[in-house]
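Reading through the structure tokens given below for one structure.
The values are calculated or read from the model by the stated rules, or taken from the named source; none is laboratory data. Note that the structure is a prediction, hence the values are computed from the model and not measured. Don't worry about glycine lacking a Cβ; one is built from the backbone with ideal geometry, like all the others, and counts go over all protein chains shown.
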Amino acid sequence: MVNFTLTFPAGFLWGAATAAHQVEGGSPPNTWAAWEQMPGRIHQNQRAGLACDWWGGRYAEDFDRAAALGHNAHRFSVEWSRIEPERGKFNAEAIAHYADMIAALRARHMEPLLTLHHFTDPLWIAGQGGWLNPDTAHRFARFAQIVAEELGGGVTMWCTVNEPMVYAMQGYLLGRFRPGEGSLGRALRVAEGLLRGHAAAYAAIKEVQPDAQIGLAKHQLSLLARRPSWLHGPARNLLRHVFNRALVEALLTGELRFLRRTVAVPEARGTLDWIGLNTYYRFVAGFNLLRPRQAFIEQTRPRHGLLGPAGTGEIWPEGVFEQIRWLAERTGKPIYVTEHGVPDADDALRPLVLVRGLRSVWDALNYNFPVKGYFHWTLADNFEWTEGYDPRFRFGLFACDPQTQVRTPRRSAELYGEVCAANALTMDMVRRYLPDEADALFPGVPVQRAVTLRPRS
Ligand code: IFM
């Protein structure tokens with residue numbers, strides 16, 4: 001009987017990831033709170049409402065829960081529109097609130113990883129054209145500078161921008177996020193704006209805190225080519241380049257190459273101390289002549305596999321290894337898994353997704369890829385953007401009812417807690433949480449034998 005212990009390196013960061021608008025509640029003057037007012041934009045016209053009431057102070061009890069489970073780190077974001085509700089006017093109370101949150105993490109021996117931009121913009125930024133306006137990158141850098149000056153005493157790990165390609169594509173090409181547009185050209189210009197914002201914020205934070213560790217969180221899709229691959233393979237490669245790779249390449253080269261357009265962004269070159277990986281799904285990509293607006297590329301769900309809710313793809317935890325590998329080989333930088341998780345209110349899939357995802361991280365470490373931490377998405381059920389509080393999109397280790405504010409741990413919280421506390425995943429844990437799948441997941445066949453026994457054709 002196999003009885004392994006997959007041990008992680010000493011000092012490995014274990015935690016969960018959250019984002020301000022999804023957990024805080026209290027309607028800040030930002031673009032999402034405004035978008036939620038528009039009929040038909042969010043599942044059942046819901047609004048974030050109280051969310052997890054972190055603005056009301058419930059972050060403290062949630063940090064207690066995380067600390068009790070052995071988390072030694074937490075990724076969260078600050079809300080730009082609260083800190084700078086009007087151009088150039090910074091709100092001392094909001095800054096004090098985030099200082100308290102950071103102190104609360106430190107008091108619980110949890111390392112804060114602070115994200116500056118997670119999908120929301122102050123209304124005054126939207127009013128000046130958002131990330132299509134070149135001035136926005138400078139405004140963002142000024143905001144980053146103030147945050148670094150005010151909060152840098154307790155933070156050394158900074159994430160400038162969360163999922164810039166998701167923000168650009170969902171808002172400006174697919175129309176699912178504000179401003180609900182359908183233009184590939186504008187989506188790519190927004191991505192360029194966010195890249196410039198990242199670079200400007202990087203420089204601003206380094207001015208204040210030279211030893212800051214600064215990165216961004218990149219959403220990566222695992223992509224199969226539709227058959228026949230000689231026809232659809234190039235479409236897959238193009239999507240992979242545009243969505244997964246172009247922006248990362250630009251951080252290394254200072255050139256942003258999208259389709260036929262190459263833009264010089266020299267200020268972005270070398271602005272990466274680490275890179276964050278957010279990954280969830282696998283899709284199939286192919287050519288479709290009916291999709292001229294999307295450069296004739298269509299992205300669909302695979303027919304088989306562990307399928308996520310409608311509108312998502314195949315739940316594919318092995319993508320964690322695949323994406324770490326590309327990011328590590330291409331950038332040579334330390335890697336944090338800044339998000340990985342699964343929407344699963346019943347917790348029927350999460351233990352399996354966790355075990356497969358963590359095995360992927362461990363595999364990557366064994367290839368000497370420099371993975372430094374893992375942040376599960378997310379701590380407690382929260383406001384899932386366009387999906388609102390749709391029960392099919394509950395990502396929390398804890399269930400959270402936004403009306404009653406009652407939290408209930410899911411079994412996965414305990415499983416993940418055991419991993420964090422032991423700094424290891426063991427076969428004993430896998431057997432207890434996944435009794436039916438344990439032996440199939442870890443058959444204990446030495447690689448050498450598995451290779452020798454592969455049937456010849
Ligand atoms: O909830 C989101 C998060 O804000 C960004 N990454 C994906 C998560 C799950 O959809």
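Going by what's in this entry, would Gly286 be described as closer than 22 Å to Val166 by Cβ and of a type outside the set (Asp, Glu)? Lay out the reasoning, then the answer.
Details: closer than 22 Å to Val166 by Cβ: yes; of a type outside the set (Asp, Glu): yes.
Here the answer is yes, as Gly286 does meet what is asked.
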Report task. Check His97 against each of (1) surrounded by 17 or more Cβ atoms within 10 Å (Cβ to Cβ); (2) in a loop (DSSP other than H, G, I, E, B); (3) of a type outside the set (D, E, K, R) and name the one condition it does not meet. Result -> (2)
**Report entry** Extreme residue, nearest to Ala399 (Cα to Cα), among residues of the range 358-388 that are touching a strand residue (DSSP E or B) at 6+ places or on another chain (Cβ under 6 Å), in a helix (DSSP H, G or I) and not small (Gly, Ala, Ser)
**Finding:** Leu358
Requested in this report: Could you please let me know if Leu195 is in contact (Cβ under 8 Å) with a residue 12 or more places away in the chain, farther than 20 Å from His340 by Cα and among the aliphatic types (A, V, I, L, M)?
Outcome: yes
Query raised in the report: Residues in the range 157-188 that are among the hydroxyl-bearing types (Ser, Thr, Tyr) and surrounded by fewer than 16 Cβ atoms within 10 Å (Cβ to Cβ): how many?
Result: 1
Report summary line: Per the filter on the range 126-167, residues away from the ligand (no atom under 16 Å from the Cβ), under 13 Å from Ala204 (Cβ atoms) and not in a helix (DSSP H, G or I) are Gly152, Trp158
Query raised in the report: Residue check: is Ile315 away from the ligand (no atom under 16 Å from the Cβ), touching a Leu at 6+ places or on another chain (Cβ under 8 Å) and not polar (S, T, N, Q)?
Result: no
**Report entry** Every pair of residues 6+ apart whose Cβ atoms lie under 7 Å, when the first sits in the range 212-234 and is touching a residue at least 12 places away in the same chain (Cβ under 8 Å) while the second is away from the ligand (no atom under 16 Å from the Cβ) and in a loop (DSSP other than H, G, I, E, B)
**Finding:** Ala212/Thr156; Gln213/Thr156; Gln213/Asp273; Ile214/Asp273; Gly215/Leu272; Gly215/Asp273; Leu224/Pro302; His232/Arg226
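Among the residues of the range 361-379, which ones are within 17 Å of the chain's Cα centre (by Cα) and more than 18 Å from Ala66 (Cβ to Cβ)? Give the steps one after another, and end with the answer.
Going through the range 361-379, the residues within 17 Å of the chain's Cα centre (by Cα) turn out to be 361, 371-379.
Matches in the range 361-379: Val361, Val371, Lys372.
On the basis of being surrounded by fewer than 20 Cβ atoms within 10 Å (Cβ to Cβ), out of contact with any Pro (no Cβ under 9 Å at 6 or more places or on another chain) and β-branched (Val, Ile, Thr), does Thr312 make the cut?
Details: surrounded by fewer than 20 Cβ atoms within 10 Å (Cβ to Cβ): yes; out of contact with any Pro (no Cβ under 9 Å at 6 or more places or on another chain): no; β-branched (Val, Ile, Thr): yes.
Taking the combined requirement at face value, the residue does not satisfy it.
Is there a residue in the range 73-85 that is assigned to a loop (DSSP other than H, G, I, E, B) and either away from the ligand (no atom under 16 Å from the Cβ) or within 30 Å of Met429 (Cα to Cα) (or both)? Break it down into steps so the answer makes sense when it comes.
First pass over the range 73-85, keeping only residues assigned to a loop (DSSP other than H, G, I, E, B): 78-79, 84-85.
Still in the list and also either away from the ligand (no atom under 16 Å from the Cβ) or within 30 Å of Met429 (Cα to Cα) (or both): 84-85.
Yes, the range 73-85 contains a residue that is assigned to a loop (DSSP other than H, G, I, E, B) and either away from the ligand (no atom under 16 Å from the Cβ) or within 30 Å of Met429 (Cα to Cα) (or both).
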Requested in this report: Would you check if Glu181 is part of a helix (DSSP H, G or I), of a type outside the set (Phe, Trp, Tyr) and at pLDDT 95 or above?
Outcome: no
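Could you check, for the range 383-394, whether at least one of its residues is under 22 Å from Met110 (Cβ atoms) and either more than 16 Å from the ligand (Cβ to nearest atom) or buried (at least 23 other Cβ atoms within 10 Å of the Cβ) (or both)? Spell out the reasoning first.
Here is the first cut: in the range 383-394, the residues under 22 Å from Met110 (Cβ atoms) are none.
No; the residues of the range 383-394 include none that is under 22 Å from Met110 (Cβ atoms) and either more than 16 Å from the ligand (Cβ to nearest atom) or buried (at least 23 other Cβ atoms within 10 Å of the Cβ) (or both).
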Report summary line: When restricted to Gly270, Gly286, Gly276, Gly305, the only residue within 14 Å of the ligand (Cβ to nearest atom) and either in a loop (DSSP other than H, G, I, E, B) or not hydroxyl-bearing (Ser, Thr, Tyr) (or both) is Gly276
Query raised in the report: Name the pairs: first residue in the range 305-330 and touching a residue at least 12 places away in the same chain (Cβ under 8 Å), second residue assigned to a loop (DSSP other than H, G, I, E, B) and basic (Lys, Arg), Cβ to Cβ under 7 Å, at least 6 apart or on different chains?
Result: Gly313/Arg301; Glu314/Arg301
